[in-house]
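Enquirer: Encoded as C-alpha cells, here's the structure I'll be asking about.
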Amino acid sequence: MSSRQNILFIMADQLAAPALPCYGNTVAKTPHLNALAARGTVFESAYCNFPICAPSRASMMTGRLPHAIEAWDNAAEFPASLPTMAHYLRDAGYRTILSGKMHFIGPDQLHGFDERLTTDIYPSDFAWTPDWLQGPEYRPTGVSMRPVVESGSCVRSLQIDYDDEVEYHSIQRLYDLARAPEHQPFFLTASFTHPHPPFVASQEHWDRYSPDDIDAPRVAPIPLEALDEHSRWLYYAHGQNLHTVTDEHVRHARHAYYAMTSYMDDKVGRLLQVLDETGLANNTLVVFGVDHGEMLGERGMWYKQTFFEWSSRVPLIIAQPNQQQPQRVTSHVSLVDLLPTFMHVAKAGAPFTPIDPIDGKNLWPLIDGTELPNQRAVIAEYSSEGVCAASRMVREGDWKYIYTRGLPPMLFNLANDPDELHDLAGQTAYKDIEAQLKQRVLHQWDPEDIHARILQSQKRRRFLAQVSAGSTDSPNWAYQPFQDATKRYIRGGGSAGPTSAKARARLPYVEATPPDLQK
C-alpha cells in the first residue's frame, strides 16, 4: 500500500443496506455500486451509531459514540473543540475537502476540512430541538407520512438541485486535484442527500423500474396494539394515525426510493469515471458509506429512528486502488471505525494516537485477514425526536439487545430470526446472554444521568432557539461557500506566471518541450 494514498469518501443518505443488490436486493438497479462491490471489500454487517442524520455524522467524524460528544439529536451542537477525521488527516499532510451534506450543528461548519465546496441542505441551528416533555407527537422537523402518500415522479426537487450541485463541485475538484499534484494526497468527501425522503424521483429514473417489479416489504404492518412501546412512539411521531397508507402508497414510495437510489448510483459512477480518466484511480482509496438506513414500510414503519435492521444497518464498501479481488467481511463494524481506518491509510500502517480516546477500531485487520472474523461488537444509541427516553443497542455475535430507559428490553437472535419478529427478552432460556448484553450496553452509560443531561440540553437549546426566532439579526450558521476567482483559469502575475497555468489546463499534463528540441 502506497504511503500517500488519496481517499475518496462517497456518502449517501438514508440508504438501507438491504436495499442494495450487493446486500441481496433483487430490485434496485445500481450498476456502479455493484461494480465497486465486485472489486472491493463489502462489510456485510455494518451499522450506524445513531439512526438519524446529524448525530450519526458527528459520531462518525470523531470516531466516538454519540453520548461521549453529547450528540443527542438533530439539533445538538457539534463543538469546534472536538478533533475529527478531517483534523487528523490534515495533520497527516492531506488536503481535506467536503462537498455536500454533513449536517453540522453550530457555528463551526468546517470541523477540520480545508475547503467546503457547497452549503448544507438542512438547518445548522437549534430549530429542530426535540421536547420529550411534550411526548412523541411533538415534531420539530414537521415529519409526517406525506412523503409516503404523496410519492411519485417529479420534474425537479430541492434534493435533485442539491445533489446535482454536489456532483458538479466534486467532479470539478477532482479535475483540479489531478492538475495540481502538489495538492495530493487528498481526502475528498462527496456526500449526497439521496435517497432521503421525500420519495420523489425524476421521470428518467422512475421509468427505469416497472411498477410490477417493485417488491412489497418482507414484513407486513404490525398492528398498533402489538408493537413494542418504542415503535408505538414512532407511530405517533410520524403521524401514522393521521393518514391511511394504502398498498399503492407503499408501492409508489418504494418505487421512488429505488429510483432515487439509481439516481445516486449514477453519480457514484461519474465520480469513479473521473478517477479513471485522470489517472487518480491508481492511487485513490474509494470508500462508500451511509449515515443510516430507511425502514421503507417494513413492519409498517418508515424513515429511521429505530434499531431494526432496515434503519440501523448501512452499506459500507472499501475498494483499494487497482483491487480486483472482491471479499466480504462478516464481522460487526460501525461508522466510528472509519476514522482509525482512514488514519491507517494516511500513515501507511504506522501507529496512530488520537488526542482523545476514540471508540472506533481500525478495519484494516479485517481487510487483510490478520484479525479473526466475528470477534467485534457494535454499540448504537438513539435519543432524538419521536421518543421520550434514550435507547442503546448492542450487536454481538448472533444477538441484538435493545435497552430503552423505562421500557422493557428487547432481545433478538438474528441468525434464527432475521426479521426480528420474536423478542426473546425475559425468557429463562436466554437469561445468561441477556444479562451479559445488558451489562455491555450499560457500560459507561447511566440511563438516569443520560436522561437528565438530555432534558437539560433540550431546555437550554429550545430557549436559545426561541430567542433567536424573535430576532432579526440572529447569527445564521448556514455555510456560505467561497470561491477565490483570482486563482481560476488563466491569470497573470505570480512567480509561475500564465505559462504554467496554461500548461496545467490540459489533462493529462504534457511537459514543456525544451527550446533546443523544438527545431
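Enquirer: Evaluate the stretch 295-309: report whether one residue or more is assigned to a helix (DSSP H, G or I), farther than 22 Å from Pro418 by Cα, out of contact with any strand residue (DSSP E or B) (no Cβ under 6 Å at 6 or more places or on another chain) and among the charged types (D, E, K, R).
Expert: No.
Enquirer: Something else about it: Spot the failing condition for Ala80; the list is (1) over 26 Å from His169 (Cβ atoms); (2) of a type in the set (Gly, Ala, Ser); (3) more than 16 Å from the chain's Cα centre (by Cα), and only one is missed.
Expert: That leaves (1) as the condition not met.
Enquirer: Hey, does the stretch 441-453 have a residue that's surrounded by 14 or more Cβ atoms within 10 Å (Cβ to Cβ) and at pLDDT below 95?
Expert: Within the stretch 441-453, the subset surrounded by 14 or more Cβ atoms within 10 Å (Cβ to Cβ) is 441, 445, 447, 450-451, 453.
Then drop every residue that is not at pLDDT below 95, which leaves none.
There is no residue in the stretch 441-453 that is surrounded by 14 or more Cβ atoms within 10 Å (Cβ to Cβ) and at pLDDT below 95.
Enquirer: In addition: Restricting the first residue to the stretch 271-298 and requiring it to be more than 16 Å from Val314 (Cα to Cα) and touching a residue at least 60 places away in the same chain (Cβ under 8 Å), which pairs with a second residue that is of a type in the set (D, E, K, R) and surrounded by 21 or more Cβ atoms within 10 Å (Cβ to Cβ) meet a Cβ separation below 6 Å and a spacing of at least six or different chains?
Expert: No pair meets every condition.
Enquirer: While we're looking at this one, here's another question. Could we say that Ala435 is among the aliphatic types (A, V, I, L, M) and crowded, with 19+ Cβ neighbours inside 10 Å here?
Expert: On the way: among the aliphatic types (A, V, I, L, M): yes; crowded, with 19+ Cβ neighbours inside 10 Å: no.
No, not satisfied.
Enquirer: Taking the criterion of being of a type in the set (Ser, Thr, Tyr), in contact with a Gly (Cβ under 8 Å, 6 or more places away or on another chain) and farther than 25 Å from Trp445 by Cα, would at least one residue in the stretch 112-124 satisfy it?
Expert: Step one: filter the stretch 112-124 for residues of a type in the set (Ser, Thr, Tyr), giving 118-119, 122, 124.
Filter again for in contact with a Gly (Cβ under 8 Å, 6 or more places away or on another chain), leaving 118, 124.
Still in the running and farther than 25 Å from Trp445 by Cα: 118, 124.
Within the stretch 112-124 (the criterion being of a type in the set (Ser, Thr, Tyr), in contact with a Gly (Cβ under 8 Å, 6 or more places away or on another chain) and farther than 25 Å from Trp445 by Cα), the answer is yes, since at least one residue qualifies.
Enquirer: What do you reckon, is Pro340 at pLDDT 95 or above, farther than 23 Å from Trp399 by Cα and not β-branched (Val, Ile, Thr)?
Expert: Numbers: at pLDDT 95 or above: yes; farther than 23 Å from Trp399 by Cα: yes; not β-branched (Val, Ile, Thr): yes.
So Pro340 passes the test.
Enquirer: Something else now. Which residue pairs have Cβ atoms closer than 6 Å, lie 6 or more positions apart in sequence or on different chains, and pair a first residue in the stretch 171-195 that is closer than 14 Å to Ile10 by Cα with a second residue that is in a loop (DSSP other than H, G, I, E, B) and of a type in the set (Val, Ile, Thr)?
Expert: Matching pairs, first to second residue: Thr193/Ile121.
Enquirer: Next up: Among the residues of the stretch 83-127, how many are in contact with an Asp or Glu (Cβ under 8 Å, 6 or more places away or on another chain) and without any contact (Cβ under 8 Å) to a residue 40 or more places away in the chain?
Expert: Going through the stretch 83-127 one residue at a time, the tally reaches 1.
Enquirer: Does Asp161 count as modelled with pLDDT of 95 or more, surrounded by fewer than 18 Cβ atoms within 10 Å (Cβ to Cβ) and within 25 Å of the chain's Cα centre (by Cα)?
Expert: Details: modelled with pLDDT of 95 or more: yes; surrounded by fewer than 18 Cβ atoms within 10 Å (Cβ to Cβ): yes; within 25 Å of the chain's Cα centre (by Cα): yes.
Judged against the criteria, Asp161 is a match.
Enquirer: Now a separate question. Which residue is surrounded by the fewest Cβ atoms within 10 Å (Cβ to Cβ), if the candidates are limited to the stretch 185-229 and must be closer than 19 Å to Phe308 by Cα and of a type in the set (Gly, Ala, Ser)?
Expert: Ala226
Enquirer: Can you pull out the residues in the stretch 81-121 that are acidic (Asp, Glu) and not in a loop (DSSP other than H, G, I, E, B)?
Expert: So in the stretch 81-121, the residues acidic (Asp, Glu) come out as 91, 108, 114-115, 120.
Answer for the stretch 81-121, where residues must be acidic (Asp, Glu) and not in a loop (DSSP other than H, G, I, E, B): Asp91, Glu115.
Enquirer: Among the residues of the stretch 357-368 satisfying the criterion of being in contact with a Ser or Thr (Cβ under 8 Å, 6 or more places away or on another chain) and part of a loop (DSSP other than H, G, I, E, B), which is nearest to Arg462 (Cα to Cα)? Talk me through it step by step, then tell me what you get.
Expert: Initially, the stretch 357-368 is screened for residues in contact with a Ser or Thr (Cβ under 8 Å, 6 or more places away or on another chain), giving 358, 360, 362-364, 366-367.
This time we only want the ones that are part of a loop (DSSP other than H, G, I, E, B), so: 358, 360, 362-363.
Numbers: Ile358: 30, Gly360: 32, Asn362: 38, Leu363: 39 Å.
Only one residue fits best here, namely Ile358.
Enquirer: Looking only at the stretch 304-357, filter to residues that are among the aliphatic types (A, V, I, L, M) and surrounded by fewer than 21 Cβ atoms within 10 Å (Cβ to Cβ); which one of those is farthest from the chain's Cα centre (by Cα)?
Expert: We begin by selecting, within the stretch 304-357, every residue among the aliphatic types (A, V, I, L, M); these are 314, 316-319, 329, 333, 335-336, 338-339, 343, 345-346, 348, 350, 355.
Then drop every residue that is not surrounded by fewer than 21 Cβ atoms within 10 Å (Cβ to Cβ), which leaves 348, 350, 355.
Details: Ala348: 25, Ala350: 27, Ile355: 24 Å.
The extreme case among them is Ala350.
Enquirer: I've got another one for you. Looking at the stretch 122-169, which of its residues are touching a helix residue (DSSP H, G or I) at 6+ places or on another chain (Cβ under 6 Å) and in a helix (DSSP H, G or I)?
Expert: Residues satisfying the conditions are Val148, Val149, Glu167.
Enquirer: Which is among the charged types (D, E, K, R), in a loop (DSSP other than H, G, I, E, B) and closer than 22 Å to Arg328 by Cβ, of Glu371, Glu385? Please lay out each step first, then the result.
Expert: Working: Glu385 fails: closer than 22 Å to Arg328 by Cβ.
On inspection, the qualifying residue turns out to be Glu371.
The values are calculated or read from the model by the stated rules, or taken from the named source; none is laboratory data. Bear in mind the structure is a predicted one, so any value in this text is a computation, not a measurement. Quick reminder, even Gly has a Cβ in these numbers, built from the backbone with ideal geometry, and neighbours come from all protein chains shown.
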